Amino acid sequence: MYFMDKLFEQIKAEKLADNIFKLIGKDWMLITAGSPADYNMMTASWGCAGFLWSKPVMMTFVRPHRLTYEYLEKSPGFTCSFFEEEHREMLNLCGTTSGRDINKMDVDGLTPLETPSGHISFKEAKLIIECRKIYFDDVKPELFLAFELEKIYPTKDYHRMYIGEIRQIWERKK
Ligand SMILES: Cc1cc2nc3c(=O)[nH]c(=O)nc-3n(C[C@H](O)[C@H](O)[C@H](O)COP(=O)(O)O)c2cc1C
């Protein structure tokens, strides 16, 4: 585990210079939950960041059969970690292989980092958004207003949405 302040500086949500649509939808992120001794992460490209209940928030959408879902259920919070392009292969691996089949704590090119509040992220990240879970809900097909959305769920594994209050944003020092 590396000491965060050497590598990262804290920034306010409104000072985030990167485009959040690109960060989530194109760069992708790792959602990580658990403890230093036992954590799991998965690649995600669906999610949102914004302002809700007078708080900066991050929303993630996780299907119930992901191992990361189990870790999210047990954890008070999670991190969303973003990486430079050179880490795409790692993101592909974490997005196509479950922690049920490999030990994701041993994935090459990732060095775990414990934040001061006990969340897990990685030394190689360029940006870390650290969240406290404050709300969840499950996608409900009976509430779809656009019926094409049902096609996203042929096996009816509707995502669970977690809303996390953003507690810290850490940006890699230049
Ligand atoms: C680019 C990309 C984006 C993904 N986005 C999501 C997502 O937003 N939500 C989700 O539940 N799964 C998403 N996945 C799938 C999970 O990352 C994948 O099923 C992963 O193997 C789950 O790992 P786990 O079982 O260790 O949690 C995505 C995969 C890729 C490659």
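Each reported figure results from applying straightforward, stated rules to the coordinates on display, with no laboratory input. Everything numeric in this text was worked out from a predicted model, so none of it was measured. When we count neighbours, we look across all protein chains shown, and the Cβ atoms used for this are built from the backbone with ideal geometry, even at glycine.
Lys and Arg at +1, Asp and Glu at -1: add these up for the other residues within a Cβ distance under 11 Å of L110 and post the number.
So the environment of L110 carries a net charge of -1.
Given a 10 angstrom Cα cut-off, can you work out which residue in T79, T111, T68 is the most mobile in a GNM of the chain?
Taking springs between Cα atoms under 10 Å, the residue moving most is T111.
Number of Lys-Lys pairs in the range 4-172 under 18 Å by Cα, sequence gap 8 or more or different chains?
The result is 14.
Dipole of the chain, Cα-centred, from +1 at each Lys and Arg C-beta and -1 at each Asp and Glu C-beta, to the nearest 20 debye?
The calculated dipole for the chain is roughly 340 debye.
Test of understanding: in a Gaussian network model of the chain with alpha carbons linked when under 10 Å, which of E89, E148, E73 would top the mean-square fluctuation ranking?
E148
Can you tell me the FRET efficiency between Y158 and L52 if r is taken as the Cβ-Cβ distance and R0 is 22 Å, rounded to the nearest 0.05?
Efficiency, from the Cβ-Cβ distance: 0.55.
How charged is the neighbourhood of I166? Take every other residue with its Cβ under 9 Å from the Cβ of I166, and add Lys/Arg as +1 and Asp/Glu as -1.
+1
Quick check for me: using +1 on Lys/Arg Cβ and -1 on Asp/Glu Cβ, what's the dipole size of the range 1-42 about its Cα centre, in debye to the nearest 20?
140
Wrap a convex hull around the Cα atoms of the range 4-172, take a quarter of its surface area, and give that in square nanometres.
10.1
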